Structures are given as C-alpha cells and as structure tokens.
Amino acid sequence: SVLLLLFYLNMSITDIALCSGCDHSVEVFDLNVARSIAVIPDAHCRAAHQIIQNKGSSFSTQQSEAYNLFLTTAVTEGIKLWDLRTLRCVRRFDGHHNRCHPCGISISPCGKYIATGSENKCAYVFDIRCSNFLNKLSRCTDTVMQVAFNPSKPQPDLLSQPQKIYCLFYLNQKSR
C-alpha cells in the first residue's frame, strides 16, 4: 500500500498517527511502539484526501471520549465520522457537492460542529450529533476548497479556489 496522507496530532493526549493509503484503507499507527495497531480496510470507495482528528482547543473543554473521534473524506463520497475505540464509522455527513475537487473539512474547537467546503460555491456546517447540515454558507464565487474554525469560537473561515481567504461567517448567520 502506498501512503497518500498522514495526520499526526502532536499533543500530550495521544501519540497516534492516522494514515490513508491508495488501497482506500485508513491505518492507525502508535508512535510510542513504532508500529501499526489497526487498519480500517476500504474506509471509502476512493482514497481519503483528508483525515482530521478532534484536537480540541485551549479555549474550550470537551469530554474525553470526544478525542477518540476522527473524520475522513474522499472525492465523490461524503464525510465519515469514525471512533478509534471501535474502528467503525459512526456517522456520515452528506449534502455538499464533492465530485472532483478535494474539498476540505474541519472540526470546531468545541467539538460540536463540522465544516466542509463544496463545489457549489458554498460551505456547509453540520452538527456532529446528527447527519443533517445546520447551515449552508454561501457568497463565495468559486469552489470552497478549505475550511478552518477560529480556535476560540465556532466560526469557520473559508478558502476559495483563487487561494485566498474569501469569506468569513458566523454559525448563527442565516444563509442567503
């Protein structure tokens, strides 16, 4: 298997690295023992283009179980929420357009929201507890390629195709 993507969370909580391979698997490495500890075969129908682990924020607290969650996404497929303890997909998030561009994903600092870019010039915000999107953030003029949350509050920033920060929205803003 060829390694396509590596995600390592450099915090004192864990020394786990999550990797995506071209065989569509997600592999979990324990860096303390320098070996693979788990493999999720066929995590997506295509290789995942982004893996995000819930890392929290120094501005908010979360239950310790929340740090066992991670997200994967692949082109033509939705977002999957995984639990490291069971290595199972516990929820899927669909509704955004992701057919050819690798649109990014992000978890809010409070761990309650997920944001994703979309090819329909919008970004979507999901509640992590349900699969329906809460808000469709529009106003961009091209594909939203990357999203990120403000570290101190659930406020996503969006990066559009021309590679500049294009839009800034608050979660309580109504879509237009």
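Only the coordinates and a few stated rules stand behind these numbers; no lab work does. What you are looking at is a predicted structure, and each value in this text was computed from that prediction instead of being measured. Neighbour counts are summed over all protein chains in view; Cβ atoms, including those assigned to glycine, are modelled from backbone coordinates with ideal geometry.
Taking label positions 7 Å along the Cα-Cβ direction at both Arg85 and Ser131, the computed distance is 2.2 nm, reported to one decimal. The modelled label-to-label distance for the pair Val33/Gln62, using points 7 Å beyond Cα in the direction of Cβ, is 2.5 nm.
For Phe149, the amide hydrogen comes within under 5 Å of the amide hydrogens of Asp157, counting only partners 5 or more places away or on other chains and with H modelled in the peptide plane. Between the amide H of Ser25 and those of Asp42, Ala43, distances stay under 5 Å, these residues lying 5 or more places away or on another chain, with hydrogens modeled in the peptide plane. Among Ile114, Ile16, Ile79, Ile37, sorting on how many other beta-carbon atoms sit within 10 Å of each Cβ, with the fewest leading, yields Ile37, Ile16, Ile79, Ile114. Of Ser25, Ser106, the sequence from fewest to most neighbouring Cβ atoms within 10 angstrom is Ser25, Ser106.
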